[in-house]
Each structure stands twice: as structure tokens, then as C-alpha cells.
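Participant: Quick one: the structure is below, and I'll ask about it shortly.
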Amino acid sequence: MNLGYACINMTLGKKVTMSRTMVRRTFEAKGLDYVSDLALLNAKDMIKILEWNRMNGIMFFRASSAIVPWGDHIDITTLKDYKEIADELRKAGDYAKYWKMRITCHPGPFNVLVSPKENVVLNTIADLELHGKIFDLMGLDRSPYNKINIHCNGVYGDKKIAMDRFIDNFKLLSDSVRSRLTIENDDKASMYSVKDLMYIHNAIKIPIVFDYHHHTFNTGNLSEQEALELAITTWPKGITPVTHYSESKIGNKPQAHSDYIERIPETYGNIVDIMVEAKAKELAILKFI
């Protein structure tokens, strides 16, 4: 079992980050050269973060989705520093593979393959393809070992019809994305439980990422162990399933994630990797490593 954290290293601080980005107004004003500058800095700092992880025994990490700012709106091969960016990403991937460090990502909630709106689906495809390109540049496996994880992110009045749209739109993705894509259960009873997501898995064999915290609010009439083990059955043989874990933040709505965690979740004898989605990032897991 590996414990991981997501995207930002609090110890290294803001000067070492792979999440430098910009708002639309800045993108439109400064253009591709500024995108290239930030992307190169992000790629170089990824290596520093991975090295810190290795030195501290953390072998599971979620890469930022902001490595190439606005990369889903451009042809990244036209960036002035593209060759150097690609070299740095390849170097990061080589280090990760040599150290046996698992790298994944989690594109944002605007990725909605169930949407009935064509422009939303096209934007989703563009963003997912960017993640696939970056993982390809890193030389990472085209498998859920290096997963690209999303939610369904909408019901639109009919859950089954929405899931059918997901299945249809999944087929529009490249092999780079399809081979890595996973889906995750939601934290609202009106949304998608693990049991619901089995409908999509049975159609396209996509693995399900079990989120412990989300299951608390949307059980699908399954116990935690039942839902976890059902999700585990969807993963290919030989690839350790990924789960997500967080705890409720005191004083906020129950779904809000806490800064730290008090325990490691029960795995019921199953071997899984656990991505800890706590606000304190690596600080939340160091005492458990």
C-alpha cells in the first residue's frame, strides 16, 4: 500500500511548484511565450518535488493539471521552449519509473463527458487529451497505473441517459486517454455511487476509483467494504487499485475535506494505493509513512 498526496508540496512552498498558471486576461495579454515560460518552470519543478517525495518515502503522487497553462487551448508543440519542456517531462517520468513512484492526475470538475452540450464535451475532450499528451511525454504507462481520473459531474434529469452519453463520448477519446481514464463515486445521493458507475464499467471496462469520504454521503445501499471491493473488481489484474481518502473538516459542511487525517482507512485486507485528499498535502501523511 502506498499513501499519496495531491499536486502541491507545502514544505517546498510557492517557489517550487508545478501549478504556475494565469487567468484568461493574462493569457490573452501575454500569449504563448508566457505560457511557455511557466510550463518550463513547472516541468523543472516537478522533478524537484518528485525528488523530495523520494527522499521522504512518498511513492504515490498526483501531478498538477496546470503544468501547461491553457494547454488545452493551444498546440503545445508550437511553444518556443517545447523541446526543453518535453525533455524535462521525460526526465521526470524517467525518475518516477526508476524510483517506482506512481504518478496520476485528476482533471477538474469542468470535465463532463455526460453533458448534453456539445461544446462542453469538446472542451472536456481537449483537456483530457492534454493530460494524455503530458503523460505520454513523461513516458508513463498507458494504463490505469498512471490514471487520469474524473467524475461524471452531472445527471441532467436522467442518470442512465447521462451515463450512456459518457459511454458514447468515451469512444471519441484517443487511446492515450482511454487507456488511463478512471471514474470516481460522488458525495451527493443524487449523483453517482459505485453501484451506479458499474453500469459504465460494464459497457467500457473503465476502472472505478473508490472514494471513502464520498461514499459516506452516497452509499448506493452498499456498506463501505462492499463498495470498496466492488470498485476493486473493476481494475485490471496486476494493477493496484487507487482509492481516495479524506475526513470532514470540523465547522464546515460535512463534505468539506479536513486539513489533516486522524487515521488510515480500513482496507479490509485488500491491497490498494490511497490518495489522501487533505488540505495540508504531504504534511497530512508524513506521520503515517
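Participant: Based on the Cα coordinates of region 81-238, what is the per residue volume of their convex hull in Å³?
Facilitator: Given the Cα convex hull of region 81-238, per-residue volume reads 115 Å³.
Participant: Taking a threshold of 28 Å on the Cα-Cα distance, which of the pairs Lys100/Lys133; Lys15/Lys91; Lys205/Lys249; Lys91/Lys205; Lys100/Lys188; Lys14/Lys100 fall above it?
Facilitator: Lys205/Lys249; Lys91/Lys205; Lys100/Lys188
Participant: Right, next: Normalised by the number of residues in region 236-286, what is the relative contact order in percent for Cα pairs under 8 Å and 6+ residues apart?
Facilitator: 41
Participant: Along the charge dipole of the chain, which of His201, Gly132, Gly13 sits closest to the positive end, that is, farthest toward it, with unit charges on the beta carbon of Lys, Arg, Asp and Glu (+1, +1, -1, -1)?
Facilitator: Checked the options; the winner is Gly13.
Participant: Got a sec to turn the phi values of region 163-169 into Karplus ³J(HN,Hα) couplings, 6.51 cos²θ - 1.76 cosθ + 1.60 with θ = phi - 60°, whole Hz, x for Gly and Pro?
Facilitator: 5, 5, 5, 4, 4, 5, 6
Participant: Then there is this: Can you give me the P(r) profile for region 214-286? Cα pairs, bins 10 angstrom wide beginning at 0, each as a whole percent.
Facilitator: 18, 46, 31, 4, 0
Participant: Moving to a separate point now. Of [x] 24.8; [y] 14.9; [z] 20.1, which is the value of mean projected area of the Cα convex hull in nm² derived from the coordinates here?
Facilitator: [y]
Participant: Using only the alpha carbons, work out the radius of gyration and Dmax of region 149-194 in angstrom.
Facilitator: 11.3, 32
Participant: Please work out the Cα center distance from region 125-148 to region 246-273, rounded to the nearest Å.
Facilitator: Cα centroid of region 125-148 versus Cα centroid of region 246-273: 27 Å apart.
Participant: On to the next question. Over the Cα atoms, compute the radius of gyration (one decimal) and Dmax (the largest Cα-Cα distance, rounded to a whole number) for region 1-117, in Å.
Facilitator: When restricted to Cα atoms, region 1-117 yields Rg and Dmax of 15.1, 46 Å.
Participant: Moving on. What is the distance, in nm, between label points placed 7 Å from the Cα along the Cα-to-Cβ direction at Arg263 and at Ala280?
Facilitator: 1.8
Participant: Further, regarding this structure: Give me Glu51, Glu247 ranked fewest to most by other Cβ atoms within 10 Å of their Cβ, as a rough exposure proxy.
Facilitator: Taking fewest neighbouring Cβ atoms as first place, the list is Glu51, Glu247.
Participant: Name the trypsin sites (Lys or Arg not before Pro) in region 233-289 that are in a loop by DSSP and that have at most 13 other C-beta atoms within 10 Å, would you?
Facilitator: Passing both the DSSP loop test and the Cβ count: Lys237, Arg263.
Participant: Looking at the square roots a ≥ b ≥ c of the eigenvalues of the Cα gyration tensor of region 109-173, which shape do they give, rounded for a/c under 1.5, prolate if a/b is larger than b/c, or oblate?
Facilitator: Prolate, since a/c reaches 1.5 and a/b exceeds b/c.
Just so you know, all these numbers are worked out from the coordinates, no wet-lab data involved. Being a predicted model, the structure only gives us computed values, none of them experimental. Virtual Cβ from ideal backbone geometry, glycine too; neighbours counted across all protein chains shown.
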